[in-house]
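The values are calculated or read from the model by the stated rules, or taken from the named source; none is laboratory data. Keep in mind that this is a model prediction, so the values were computed, not measured. Cβ placement follows ideal geometry from the backbone for every residue including glycine, while neighbour counts extend to all protein chains displayed.
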């Protein structure tokens, strides 16, 4: 084990320290070799750089009081959070106290009273920092853009100062608020218990309650799929199947889920105020069972979009970050413009009427202006397309058009189906009130 990793973990306390710290006549345990971890579980709370670590180790105990030393040199462990408890023979074993030797920073000693002798399994828990994870996704559409494969991945990074071998990994999706960062606490070295008891105790209590609730709901972890998801009231826990070795300063990318022959829609959006004059294509997904994307939220991540080119290759269409996607929520992926879909807009006429005059000499204080437009969409693709067209029209507007709806008080929307290889044209007009004729900025549909 490297020098910067947890040293000794559970070792024989120094005889002098034992004599000073242990009750008179207490028996000592001889741990000639360091007991390795039998198992370790990492629960990574990404939003606050926090990881709950649970280790299982077997200790050789003698009848009496056994001093056990624990060290965490060159790691980001929160010293106020380190605890130990027996996993068996609990009625015969008691952890009497925890001592922080003043002359030995980043170290503590437990005194464990035992009424039995031999190997006993213990669990050591603590909070640490430096472990983080991120999600990313790969979408591959078929050549006709009617179905897709959608794969999710998680990448785990370890900068905690400790190697974790054969670890079960759990990833928390959601935001958890802490009073202070664990990393800041650890970098200050040993913190006096009386100075840190209140915030540390509150923090530990909140997280222990959340983890206990999650484990109560989890049940057995099945091998497939790769990641098991557990629903909680405010966040989800993803349990990565299997055991994983993540050394310090290493990262590991794991498969989260796979969806095959999943459904999605293609929508063309024309929004001159937002995207310019060219139609922009969107892949429209939904995070639900019907679309084969599962029944759990999707974490923040980057989606890379490809299309099968029909020649055993992929065409890259683009990439887009997505934020936390709840169950049944929509995902809209912008895959860029398409030269095979053309939109044109032409002003047909502009007239003025309803003039209002005031003052001497008379001056124009109000009038109406009528605008007439013709628009056309040409679909040169071999299949029909669906088009959403939006216009932002500021001012006091009365608009006359078929199949129009209001998005907000200044935005009107049209929806069209354009047949493959054909054109679709339409006309509309609107009256804009100026000066004293204008009452308020809004669009009224006629």
Does residue 278 meet the test of being part of a loop (DSSP other than H, G, I, E, B), surrounded by fewer than 19 Cβ atoms within 10 Å (Cβ to Cβ) and either assigned by TED's automatic domain parsing to the domain that holds residue 140 or out of contact with any strand residue (DSSP E or B) (no Cβ under 9 Å at 6 or more places or on another chain) (or both)? no
Residues in the stretch 92-102: is at least one assigned to a helix (DSSP H, G or I) and either assigned by TED's automatic domain parsing to the domain that holds residue 159 or more than 29 Å from residue 159 (Cα to Cα) (or both)? yes
So, of the residues in the stretch 300-323 that are in contact with a strand residue (DSSP E or B) (Cβ under 7 Å, 6 or more places away or on another chain) and under 23 Å from residue 47 (Cβ atoms), which turns out to be surrounded by the fewest Cβ atoms within 10 Å (Cβ to Cβ)? 321
Out of 19, 32, report the one residue that is part of a helix (DSSP H, G or I), out of contact with any strand residue (DSSP E or B) (no Cβ under 7 Å at 6 or more places or on another chain) and at pLDDT below 90. 19
Specify the residue that is modelled with the lowest pLDDT; the eligible residues are those in the stretch 72-84 that are over 21 Å from residue 118 (Cα atoms) and surrounded by 20 or more Cβ atoms within 10 Å (Cβ to Cβ). 80
With (1) over 26 Å from residue 247 (Cα atoms); (2) crowded, with 17+ Cβ neighbours inside 10 Å; (3) modelled with pLDDT under 80 as the list, and residue 61 as the residue in question, which single condition is left unmet? (3)
Residue 305 vs. criteria within 25 Å of residue 416 (Cβ to Cβ), part of a strand (DSSP E or B) and within 20 Å of the chain's Cα centre (by Cα): yes
Among the residues of the stretch 247-275, how many are in a loop (DSSP other than H, G, I, E, B) and in the same structural domain as residue 144 (by TED's automatic domain parsing)? 4
If the requirement is being assigned to a strand (DSSP E or B) and either on the phi > 0 side of the Ramachandran plot or at pLDDT 95 or above (or both), which of these qualifies: 52, 139? 139
Is the stretch 400-408 home to any residue that is in a loop (DSSP other than H, G, I, E, B) and surrounded by fewer than 16 Cβ atoms within 10 Å (Cβ to Cβ)? yes
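Could you tell me which of the residues 77, 84 is assigned to a loop (DSSP other than H, G, I, E, B), outside the structural domain of residue 165 (by TED's automatic domain parsing) and under 24 Å from residue 165 (Cα atoms)?
When all the criteria are applied, what remains is 77.
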Considering the stretch 324-344, residues that are outside any loop (DSSP other than H, G, I, E, B) and exposed (fewer than 14 other Cβ atoms within 10 Å of the Cβ), and then whichever is farthest from the chain's Cα centre (by Cα), we arrive at 344
